Structures are given as structure tokens and as C-alpha cells.
Amino acid sequence: MIVVTGATGNVGRRLVETLAAAGEEVTAVARRISAADVPAGVRPVRADLTEPAGLGPVFAGADRVFLLTSGDFMAAGGDVADIVATAREFGVRRIVLLSSQGVGSGRHAPSFEEAVEKSGLKWTVLRPGGFASNAFQWAQSIRADRVVAAPFGDVALPVIDPFDIADVAAAVLRESGHEGKTYVLTGPEPVSPRQQAAALGAALGEPVRFVELTEDEARTEMSRFMPPAVVDATLAILGAPTADEQRVDPAVERVLGRRARTFGEWAARNAVAFE
């Protein structure tokens, strides 16, 4: 059995559907989840990762776990080592951690990865870069005014489609040969905010205007829903990415045997959210 945490998010939902379609026995875990959120045959379980003592019934009978934590988990001081210890106690043998490209670049702390690597379990770490789905933050302004406002309009990063993250996770969970490996996951090409706005316009069939924010304007806007340290780190990546953060990594193609999806393909699939 495979346990998928964060099962109602952009990555987790796709992963649950993919594993279930492949005939795997799946337990889908989130703080708020019901049978309506998962395919037939998948067991939905409400659980809070910040309370690892209560996770025994979640992991009982499972041999593999996909571990995805949220910003709320980190803000609450959650400890991945406690989750991993509970999983091991209840018989889990293999864990796939959704980490961040920022660990490799030194922008984010490596503690979660270290906890998994020292767990005694077979492990694989996935380090995605920026998500294509971050563009949902523009949905309201696009619906109302056909406008995207963002800083650093011409700085391009190879954002990754969450479906590709989920597809890689499914392959890693089901196949051998991925143990002890870390995969950096990116899209197939760098794309700037200005280019993203154009791609969203193409998906909608009408122009979407791009307005470039100053760094101070962006900081003010982001501070409404992000803590200061996260705002600083995000602006640093968006405005002054390292060469590694701008590099297209071939891991998606190596694992899946096909190229990663483009931002334009993501936009076309999600156009209804911006109409």
C-alpha cells in the first residue's frame, strides 16, 4: 500500500489518481479530505502531520510513503524526523520526499532531506523548481482585467507542471532503481513572467497585458500572505536566480521517457480558471 500525504493539492491529487489508475492500493491523507476528493477504491484519511503520534493508523499496512509537507507544517514547527520514525515503526520501507530545488542552491535548509536520508529507509528526494501553478495567483486579475502584474518581467525560470512532479513521483514509488537518488525537476525551457502572460492569453484566445511591478511593490503584495523570510527568498530567486536555478534539468525525461510539459500546455489545460 502507498500512503500519499498532501493528497488534495496540485501534486497529491494527480498522484493519487495516477497510482489508483495503475491498480495500486492507496491511502490519501490530508487535514480536510473526504471520499468525494478521491477516486473509487482509495481510502481517504484525515490526519495532521504536525501530530506524528497519531499517524500510526495512517501508516499501518503501508510499505511506501510519498511525503509532502506544507508551509503550515513548517510554520507550526513540524519535524519530518518524527513522521519518518513513525512510518518506520509501522513497517514502511520506502519514502519519497517532495523537497525543493532551493535545498540544492542553499536557499532552503536541508533538515527535511537529512531526516529522510538518515532514516534507515530506502529513500528518493524530488527537488522541483518553481511550479507552473503559481500562475493561479493571477487568476483574479486576468478574469477581471486581462492583466498580469509581476516583478522581474524578463527573468526566465524553467517552471515545472505539477502533473509532471506527480508522474515522476508515481514512477519512483512503483519502480526500482531510484533508491538513494535526488532528482531536480524542471520544465523543458525557461519562461519569464511576460512570456507566461502571453501563454495564458494564447490559452484564452485573447491578449493578456503584462504590467511589471517594482521589487518594493511586489514585496508589499507578497507580504500580505507570506512571512518576511519567504518573501525575501522568493524575490531573490525571481530576481537573481543562480545559473543552476535557470538550468533545464533532464530528470523528468530520464525518469518518464518523455519531455516535461511546457508552461503553455499547463495554461491550456487550466484556461477555465482564468476565463
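Here are the numbers for the structure shown:
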{"read-out": "Cβ-defined net charge surrounding Arg209, 13 Å radius [Lys, Arg +1; Asp, Glu -1]", "value": "-1"}
{"read-out": "Formal net charge of residues neighbouring Gln196 (Cβ-Cβ distance under 15 Å; K, R +1; D, E -1)", "value": "0"}
{"read-out": "Net dipole in debye of region 87-224 [+1 Lys, Arg Cβ; -1 Asp, Glu Cβ; about Cα centre; nearest 20]", "value": "460 debye"}
{"read-out": "Difference of contour (0.36 nm per residue) and Cα-Cα distance, Val147 to Asp72", "value": "24.0 nm"}
{"read-out": "Solvent-accessible area of Ser105 with every protein chain in place, 1.4 Å probe, in Å² to the nearest 10", "value": "50 Å²"}
{"read-out": "Cβ-Cβ FRET estimate between Glu175 and Ala139, R0 fixed at 25 Å, reported to 0.05", "value": "0.10"}
{"read-out": "Accessible carbon and sulfur surface of region 179-275 relative to its total accessible area, %, 1.4 Å", "value": "54 percent"}
{"read-out": "Among Val125, Val147, Gln195 the positive-end extreme of the charge dipole of region 113-199 (Cβ point charges)", "value": "Val147"}
{"read-out": "Check: region 25-137 dipole with +1 on Lys, Arg Cβ and -1 on Asp, Glu Cβ, in debye", "value": "260 debye"}
{"read-out": "Using a Förster distance of 25 Å, the FRET efficiency for Ala60-Val230 (Cβ separation, nearest 0.05)", "value": "0.10"}
{"read-out": "Positive dipole terminus of region 1-103, leading residue within Gly41, Gly61, Met1 (C-beta point charges)", "value": "Gly41"}
{"read-out": "Heavy-atom accessible surface of region 1-134: percent carbon and sulfur, 1.4 Å", "value": "48 percent"}
{"read-out": "Per residue accessible area in Å² of region 1-62, where ligands, DNA and RNA are left out and the probe is 1.4 Å", "value": "44 Å²"}
{"read-out": "Heavy atoms of Ser111 accessible to a 1.4 Å probe, total area in Å² rounded to 10", "value": "60 Å²"}
{"read-out": "Semi-axis lengths (Å, descending) of the ellipsoid that matches the C-alpha gyration tensor of the chain", "value": "32, 20, 18"}
{"read-out": "Inter-label distance, nm, simple model (7 Å from Cα along the C-beta direction), Lys122/Asp79", "value": "2.8 nm"}
{"read-out": "Cβ-based net charge around Val155, under 12 Å, with every Lys or Arg adding one and every Asp or Glu removing one", "value": "-3"}
{"read-out": "Farthest toward positive dipole pole in region 1-104 [+1 Lys/Arg, -1 Asp/Glu at C-beta], among Thr18, Ala30, Ala85", "value": "Thr18"}
{"read-out": "Charge dipole (debye, nearest 20) of region 87-149; +1 at Cβ of Lys and Arg, -1 at Cβ of Asp and Glu", "value": "180 debye"}
{"read-out": "Estimated 222 nm signal from helices in the chain, with DSSP H stretches of n ≥ 4 weighted -39500 (n - 2.57), rounded to 500", "value": "-10500 deg cm²/dmol"}
{"read-out": "In region 1-96, GluC sites (Glu not before Pro) in a DSSP loop with at most 15 other beta-carbon atoms within 10 Å", "value": "Glu25"}
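The values are calculated or read from the model by the stated rules, or taken from the named source; none is laboratory data. Just so we're clear, the structure is a prediction, and the values are computed from it rather than from any experiment. Cβ: placed from backbone, ideal geometry, glycine included. Neighbour counts: every protein chain shown. In case anyone asks, the SASA skips ligands and DNA or RNA and just uses the protein heavy atoms, side chains included. Shrake-Rupley method; radii C 1.70, N 1.55, O 1.52, S 1.80 Å.
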